[in-house]
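> Quick one: this structure, given as structure tokens, is what I'll be asking you about.
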Amino acid sequence: MSKRTALSALVLVTTAVLCGCSPTPSQSDASSAPTASASSQSPSLAPSASASTSATPSTWESIEPRFPQQSLGKEDANHAPVFHDMRVGDHDGFYRVVVEFTGSDDVGWIGGWTTSPLTQGKGDPIDLGTPVYLDLNLQGGAMPVSEELAANYYKGPKTLDIGPIRVLENGTFEADTHIVIGMDRKREVTLSALSSPSRVVIDIAK
């Protein structure tokens, strides 16, 4: 007579840092706040991803990346898209950060949550006076290596503030534009890639 041994299983349920879709308010990326500038297109049809707020990262906690779809027959490097504008806005229930590129090429991102962001290249510490950061490399732009690209490259403030949020642009290296968003705590965040013009919209829950 065989002997049965009962086995108990422990199922660990983890929450993904980014899920496939999250409700994003269906309004344009213009803000009613004085610090924001307008854009005419709604992000309602854009691919998006939502970051969880399950824990404060100790060092690095990756988010789900979105890689840009490069179009065939792209124009020469002197006409490549570049980082062109950065703005913030205060909306009902969320803060919005918009990073805009010239042209209409697809854009994407890689990044994660961290407590100790570093600059591109040198790797110097970045301190915006906040305990947690969303560290993003936005992909799809080009370095401003020609006069034409430099003429269209972003010339605004390096840091922008909205509520408890501080946003730093750390320049473009190769195809990565480095954006660091400091927060008072880890918040729910939704990222969307939009076109005409190309831009990444980051909505941060209040």
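Coordinate-derived values only; no laboratory data. Everything numeric in this text was worked out from a predicted model, so none of it was measured. Positions of Cβ are generated from backbone atoms using ideal geometry, with glycine treated the same way; all protein chains shown enter the neighbour counts.
> Taking the Cβ-Cβ separation of T115 and K155 as r and a Förster radius of 35 Å, what is the calculated FRET efficiency to the nearest 0.05?
Numbers: r = 30 Å, r/R0 = 0.87.
Once rounded, the FRET efficiency stands at 0.70.
> Just to verify a number: FRET efficiency for S195 and D92, C-beta to C-beta distance, R0 = 30 Å, to 0.05?
On the way: r = 25 Å, r/R0 = 0.84.
Here the calculated transfer efficiency is 0.75.
> Let me ask another. To make sure I understand the rule: partners must be aspartates and glutamates, Cα under 15 Å from the Cα of K206, and not fewer than 8 residues away in the same chain. Which ones qualify?
D90, D92, D161, D184, E188
> While we're looking at this one, here's another question. If the cut-off is 15 Å between C-alpha atoms, which aspartates and glutamates fall inside it for K155, apart from same-chain ones fewer than 8 positions away?
Within the straight-line cut-off, K155 pairs with D85, E100, E147, E169.
> Output wanted: per-residue J couplings in Hz (rounded whole) for the stretch 180-192, from phi through Karplus 6.51 cos²θ - 1.76 cosθ + 1.60, θ = phi - 60°, x for Gly and Pro.
Karplus values, whole Hz, x for Gly and Pro: 10, 10, x, 9, 6, 7, 6, 10, 5, 10, 10, 10, 9.
> With a cap of 15 neighbouring Cβ atoms within 10 Å, and only residues DSSP puts in a loop, list the trypsin sites (Lys or Arg not before Pro) found in the stretch 76-142.
K122
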